[in-house]
Every structure is written in C-alpha cells, then in structure tokens.
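The values are calculated or read from the model by the stated rules, or taken from the named source; none is laboratory data. Bear in mind the structure is a predicted one, so any value in this text is a computation, not a measurement. Cβ placement follows ideal geometry from the backbone for every residue including glycine, while neighbour counts extend to all protein chains displayed. Heads up: the accessible areas ignore ligands, DNA and RNA and are worked out on the full protein's heavy atoms, side chains in. Shrake-Rupley method; radii C 1.70, N 1.55, O 1.52, S 1.80 Å.
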There are 2 protein chains.
Amino acid sequence: MSFGFRVTDTDGRARRAVMSTAHGDVETPAFMPVGTQGAVKGVTHRDLESLGAQILLCNTYHLYLRPGDDLVARRGGLHRFIGWTKPILTDSGGYQVFSLSARRTIDEDGAHFRSHLDGSPHLLTPEKASDIQARLGSDIAMVLDECLEHPSNEAAARLSMERTARWARRARDRFLEVRSADQAQFGIVQGSVFPELRKESAERTVEVGFEAYAIGGLSVGEPIDVMYDIVSQTTAWLPDDRPRYLMGTGTPEDLVESVARGVDLFDCVLPTRNGRNGQLFTSEGRINIKNARYAEDDRPPDPGCGCYTCRTCSRAYLRHLFATGEINAATLNTLHNLNFYLDTLRQIREAITFRRFESFRLAFHQSLSRQSLDP
Amino acid sequence: MSFGFRVTDTDGRARRAVMSTAHGDVETPAFMPVGTQGAVKGVTHRDLESLGAQILLCNTYHLYLRPGDDLVARRGGLHRFIGWTKPILTDSGGYQVFSLSARRTIDEDGAHFRSHLDGSPHLLTPEKASDIQARLGSDIAMVLDECLEHPSNEAAARLSMERTARWARRARDRFLEVRSADQAQFGIVQGSVFPELRKESAERTVEVGFEAYAIGGLSVGEPIDVMYDIVSQTTAWLPDDRPRYLMGTGTPEDLVESVARGVDLFDCVLPTRNGRNGQLFTSEGRINIKNARYAEDDRPPDPGCGCYTCRTCSRAYLRHLFATGEINAATLNTLHNLNFYLDTLRQIREAITFRRFESFRLAFHQSLSRQSLDP
C-alpha cells in the first residue's frame, strides 16, 4: 500500500484522519511510542499492541551504530528484524548527532561525529540519512535537518534554516533513488522562534515536495506560549491534505494544545523515560511513585484509568517495586504512561468526530488543574 | 480451603498429585518461579499466569527488610499487596541470612545478622520466622532451618541437623499459635551428604509433624550423583501422602531426575537469573544469546518452543537487545526460560498420567545430549 492521508472529520483546526502506510493505517491524531533501538524500553510489542499503539518510532542513529543498517537489511528490514508488523517511522539520526555537541562538527556536507560507543568517526549527510533509512525499510523516513541550539539569534537561525532547505533537496533526491518499497519521506520545517523564518522554511520545504511535513526545533527550551504560537502559525503554512508531525513533543497538555492548532502526529520519550524514573501521568496530574507518601496508599495510580497497572497494582506496591529496583517497576509504570498517552489521543479523535473537541480540551485542562503535583 | 495433597497417578516413584492451598490448587510435580521481593524480575503476574505458573515463591528475608512484614500485613497480606491471587510459598529467610556469612552469627536462639541494605542489626529466630510469614499471609510457610556450608564434616553436620530439629519444634509451636487462616507449614530435612543424618533428620521432622516436607541443603556444591542419591534416599523416608519439596534446585535435568526419585515441588532462580544474563534453556541445550555467532541468526531461540519469545523473536534480535542493554532482553529471555521450565513440568505430569515417564525421561536427556553447548 502506498502512502496516503484522508481527513475524515474536522473540529475547528483539529482534524481526524487516516494515514495509510506500507504496513497499514494509522488513525490520527496519533502518538508514536519511541522504540529507540528497536524496542520500547520495558514493554513488549504485544503489550504495545494491546495498548493500541499504531506506529512505532525508531532511532536511525542508534540502529546505524548497533546492529548496523546493513545487518538489519540482511534480516529483511526493520519490521522483520524486530518483529513489529505495524508502521514504523525512523528519524534521520540528526537529532542524536547534534546532541553529541563536543563530538561533532557540522559543515555543508553534513555532520561529522564520533560514536558515543567507541569513538569511531562517521559522517552523516542528507544522502546517507536517506540511504540508511531505505536499508532499514521504515514506512516513513525523515530528512536530515540541522538542529539548532536554543536560544539562537535570527541571523544564525536563518543560516541554519537555509542549510536545512538545501539538505532537504539533497535528501529528497537521494530518497527518490533509493527508497524502499512504498517508503514515504517527511520534510522538516525549521526556523527557531522566528515566524518569518518558519514561513520561509515551510514554503521551501513544501516546494521540494514530501509526503508530509514535520515541525522540528521546538520543545528545546523556548517558553510554552512561544512554542504554541510557532506551531499555530506553521501548521497554517502547510498543506491541508498532508499530515503534520510535531517532533519530540511533549506533555499531555502540549499534545491537546497542538491538536487544537492542526497537528496530527507526535512522538516523545516522556511517557517511557518518566515511567522508568517513577513519574506517572494521571488524569489528575503527575505523581512521583517513589514518594514516601505512597508507601501505604492502596489506591491505583490513577483511579480513572483502566490499564493493567491500574487494574492490578496499588501505589504502595508500585512504590515498593521502584524502591527495590525491580525491573517490573519500569514495565508497569511505562505501561500506564503509554496507556495514558494513547488513550488521550483516542479521546481526542473521538471528540473531533463528535465535534466536541473544545469541551474535551477544557475538561482535560480542568482535570489537570485539580492536580496536586508531587514536590 | 485448607491444605491437602491427593496423589492421582504414579509411574515408578514419580507421582502426579493435586496440592490444595488456601488460594487454590497446584498440580504437581510443579515448579515455583521465584518472586524474591514480590515480583518475578522482568515478568508481570499476567505473563506468569499465561505461562501456566500455579504458585509463586517469595523471599521472607527481602520482604521483612523492605517493605516490612507489618506494612504488608496492613495492606491485607502479601496476595493483596502484590496482586497475585494464586498460591504463594514463602521461605523462612534463613537461606539469605546464612548467605550473609560475614554479617551473621548463629547460636541456639537463632541467627543474628546485619541488613545488607543499611547494616541494621536483626535477630531471626524460628519463632520470628513463623511470625513474619504469618503476617505475610503466605499459603505455605517454611520452618527456619540451619543452612550448613558445604563441605562440612559429619560431626558438624550432626550438630547442625540436631539444631534444625530443635528449631523445627519451636517453629511449629509458634506457627500453631500465629498461623494466618489456612496457612500450611513445611518442615525441612537437613543432614548434608550423610545418609544416616538425613534419615534421622527425616524421622525427627516427621515426628514434629508438618503439612509437608522439604529437602534442604542440597545443590550447594556436592557432586550431582551424591545429590541424586541423597534425594532418592530421603524421599523414601518421607510419608507418601505429603508433598516433597526439593529446595533451590535446579537445572531442567535435575528436575526430571528428582521427579523420578519422588519429588513434587521445586523452586530455583536459574530460569530467571540466567535469562537476565542472556542464557537460554532450550530443548537442545543452553545457548548464550550474547554470543557473536547469533548476530545474524534468524532462527527462534528454540525451534521446538511455542512461547511468545520464540514465536516473535529471532536470535539476532534477542542478541541485539542484550548487547544494547534493553530491558526487554531480560523480559523476553525470562519469559522463554520460565516457559521452558513450566512446560517441562507440564510434560512430566502428562507422562506420569500416561505411565510413560521413563520414556519421557530418556527422550529428554537424549535431546539435551545432542546439544552444542556454547563456550
């Protein structure tokens, strides 16, 4: 099946759609759990499917280094290698490379970096990012973009945005040569917090032409209102008939607010990473399960939740598992957090269909504002 | 329901039975996964149940220190605290305390030890072990026995066996006062590798009178033939109408050989601990999944196995998960190993019912002898 996107319902700027990929459909707005190295930490594929995960994000940087894209290709591609039959999106590897800071230099060619594992030198170019993802055989590949540090001044942001635009062309040209069967490629809009740059980036990315468009370079430390404004403006400059993907964001509140501004796709490590650290997202706010106040608390983590963890575990038990370093703490907390995220998106989709997204959004924030955040 | 044991089939000295406990029946011969701190490392209760686990072993030493037996009692007991509705056996805490070596001293009163967590001083007596397990509310409690180091000479083994016998009386007396509803208590036969001492220990333990009898102090370094001989002789001195539990043993081969000698119950950390370390038990022997030879091996870990791991994961993927330190490596390896153990016991029970245990035993060892053990 080739890539497609069909909007089925709209409510204000929020929209519900079906995104078709080579490995099946994804109902949007959708959240993509992060399976960095080909696995979501602490949760099996079986559990992910039962939670309703429709698409997985895997990190090209990690898979390129271990086990290597060539090895994955010899196994028949990423789906067969990891045994995940639904859609997979791979990032370009750029974000991880740029995060290496001391270990990388950027020029027009690409990003020169040293592996965090063994210090070996590598060069990631727009072409190579397309090549690797073609070998991985993901359903959706991302272009290599330049990820700017925040804050940056407008001149630096312009130079970076322009380089990203040139790289987008190179990445697309190579992609069209090497793409795996029915693979789609998403372009990425950059431009930091400067609306004019965002607008120009959107126009230049759309001009290259991709199956869909992502918004990169947000959730990097800018004020939340600035992020929401940039999202709101950028989605308006992107075509209505293509998915819009807000990369690496965010809190449950961020997801609801971004859907209200026309975003369709999300990924974030918050539910999984915070779960491993003992922080649980609930309908009444976040709780830190390691807190001593939960030692004798027989309530489930989220009384309003029907996930396996909430059906079978008390806060007291989860605190005990976390305090004693049990692997199951990571599993049970992550199961709950992913359920919270995926269920929030399911509620969002339903609210859009019934044209009550605004009342859902209001109730969602009201519920969270009753929260008693743990210290 | 009160404790019971009903033998339904015998084949040679092997027997199949139903052991009834306050939380339901256990079909024996049975293997008890070890849930040290109230959780089997890396595997949720849901997974354990789907694997066919009928009874869990939890460690009194660990639960006494964290979260504390008082806290567990306030939660309504161990079953409610950890959310496991089937039977639970608790050990006495003795084995862990004796393993602390430098941090403990033993006298007639009991074992004085310092916590491995904070160095705090504690005294574990036969009475206290009964008290703690009553508060935990396990279905089966174990008496506190003295665990002798191996090798020991016969004089030392005699003194230790005699102390264990005196402790058994004290543990039983206290148990009868404090037991939780329908809790059963198993006595433990000691006596090292000396048949005369084992015989006397069995007689003295039976004289005290317990719901069932365990064989302790084996799998501690003695030659395998010696262990099998001691097991064979000891079971003969124990009553036919009570379960026999070989503590802390062993390999799959040990289980088959011990069933042939009249043992009904087993527990061991091998399937779980080895799973976390990357060693998988298969019908053709053990494999170390971290071995480079599996990097491009698309076969399941055990081609003859139908578990979730073998149905969905290649050796190449499991090696990748282990090499990259993914939590899922522990989960998937442990799932497979527990399935191997539990399925072996299921096959044993079936073989006994159809009176073909000897041919099963022969085929089992032949299959393993075809193994190409990893270096």
Accessible area, probe 1.4 Å, largest first, for residues B:S359, A:S92, B:S120:
B:S359, B:S120, A:S92
Just to be sure I understand: with springs between alpha-carbon atoms less than 10 Å apart, which residue in A:L318, A:L159, A:L56 has the highest mean-square fluctuation in the Gaussian network model of chain A?
A:L159
Shielding score for B:78-86, defined as the mean number of other chain Cβ atoms within 10 Å
3
Could you pull the copy-to-copy label distances for B:N153, with points set 7 Å along Cα to Cβ, in nm to one decimal and sorted shortest first?
8.7
By the scheme Lys and Arg +1, Asp and Glu -1, what is the net charge of all other residues having a beta-carbon under 9 Å from that of A:L89?
-3
Quick one: work out Rg over Rh on the C-alpha atoms of the stretch A:259-316, Rh as Kirkwood radius.
1.06
How big a patch of accessible area, both sides summed and in Å² to the nearest 100, lies buried between B and A at a 1.4 Å probe?
3300 Å²
Can you give me the Cα centroid spacing of the stretch B:64-125 and the stretch B:305-375 in angstrom?
32 Å
Using the Cα atoms as the points, what is the convex hull volume per residue of the stretch A:2-42 in Å³?
96 Å³
Scan of chain A for GluC sites (Glu not before Pro) in DSSP loops with at most 14 other beta-carbon atoms within 10 Å gives a longest site-free stretch of A:150-295
From phi via Karplus (6.51, -1.76, 1.60), per-residue ³J(HN,Hα) for the stretch A:317-329 in Hz, x at Gly/Pro
5, 5, 5, 4, 4, 5, 5, 9, x, 6, 4, 4, 4
Distances from B:R104 to the same residue in each other copy, label points 7 Å out along Cα→Cβ, in nm, shortest first?
5.2
What is the gain in length, in nm to one decimal, between A:T353 and A:R13 on full extension, counting 0.36 nm per residue of separation less the C-alpha to C-alpha distance?
121.1 nm
Around A:A329, under 10 Å between beta carbons, what's the net of Lys plus Arg minus Asp minus Glu among the other residues?
+2
I'd like the accessible area for B:H150, computed on protein heavy atoms only with a 1.4 Å probe and all protein chains in place. Round to 10 Å², please.
70 Å²
Extending each Cα 7 Å along its Cβ direction at A:E27 and B:R273, get the distance between those two points in nm, one decimal.
4.7 nm
Any chance you could get the radius of gyration and Dmax over the Cα atoms of the protein assembly as shown, in Å?
29.9, 92
For Cα pairs less than 8 Å apart in space and 6+ apart in sequence, what is the mean separation divided by the residue count of chain B, i.e. the relative contact order in percent?
17 percent
Using the Kirkwood radius built from alpha carbon pairs, what does the Stokes-Einstein equation give as D for the stretch A:34-81 at 25 °C and 0.890 mPa s, in µm² per second?
217 µm²/s
GNM result for chain B, Cα springs below 10 Å: residue of B:A323, B:A260, B:A165 fluctuating most strongly
B:A323
Could you derive backbone 3J(HN,Hα) for the stretch A:192-208 from the dihedral phi with the Karplus parameters 6.51, -1.76 and 1.60 (θ = phi - 60°), listing whole Hz in sequence and x where the residue is Gly or Pro?
6, 9, 9, x, 4, 5, 4, 5, 5, 4, 4, 5, 5, 6, 5, 5, 4
Gyration tensor (Cα only) of chain B to equivalent ellipsoid, semi-axes in Å sorted down, yields 32, 24, 21
Rg/Rg_ref, the stretch A:231-375, where Rg_ref = 2.2 N^0.38 Å and atoms are Cα
1.13
Using the Cα gyration tensor of the stretch A:180-220, the equivalent ellipsoid's semi-axes, largest first and to the nearest Å, work out to 22, 12, 5
What share of all Cα pairs of the stretch A:119-248, in percent, falls into each consecutive 5 Å distance bin?
2, 12, 21, 23, 19, 13, 7, 3, 0
Number of partner chain Cβ atoms within 10 Å, mean per residue of B:319-331:
6
Could you work out which residue, out of B:L65, B:L280, B:L148, moves most in a Gaussian network model of chain B, that is, has the largest mean-square fluctuation with Cα springs under 10 Å?
B:L65
At 7 angstrom along the Cα-to-beta-carbon line, where would the label on A:E177 sit relative to the other copies? Give the distances in nm, shortest first.
8.6
Sorted by accessible surface (1.4 Å probe, heavy atoms of the protein chains only), largest first, A:V7, B:V72 come out as A:V7, B:V72
Thinking of the stretch B:244-283 as a set of Cα atoms, what percent of all their pairs are more than 17 Å apart?
32 percent
More than 19 angstrom apart: percent of Cα pairs within the stretch A:279-349
25 percent
Can you give the FRET efficiency to the nearest 0.05 for B:R74 and B:A236, using r as the Cβ-Cβ distance and R₀ = 45 Å?
0.50
Can you list the HN-Hα couplings for the stretch A:61-76, worked out from phi with the Karplus curve (6.51, -1.76, 1.60; θ = phi - 60°), rounded to whole Hz and with x for Gly and Pro?
4, 5, 6, 5, 6, 8, x, x, 5, 5, 4, 4, 4, 5, 7, x
Using only the alpha-carbon atoms, what does the stretch A:61-164 span along each of its principal axes? Please give whole angstrom values in decreasing order.
45, 29, 21
Given only helices, namely DSSP H runs of n ≥ 4 each adding -39500 (n - 2.57), what is the per-residue ellipticity at 222 nm of chain B, to the nearest 500 deg cm²/dmol?
-13000 deg cm²/dmol
Note to self: Kirkwood Rh of the stretch B:1-115, Cα pairs, one decimal, Å, is 16.0 Å
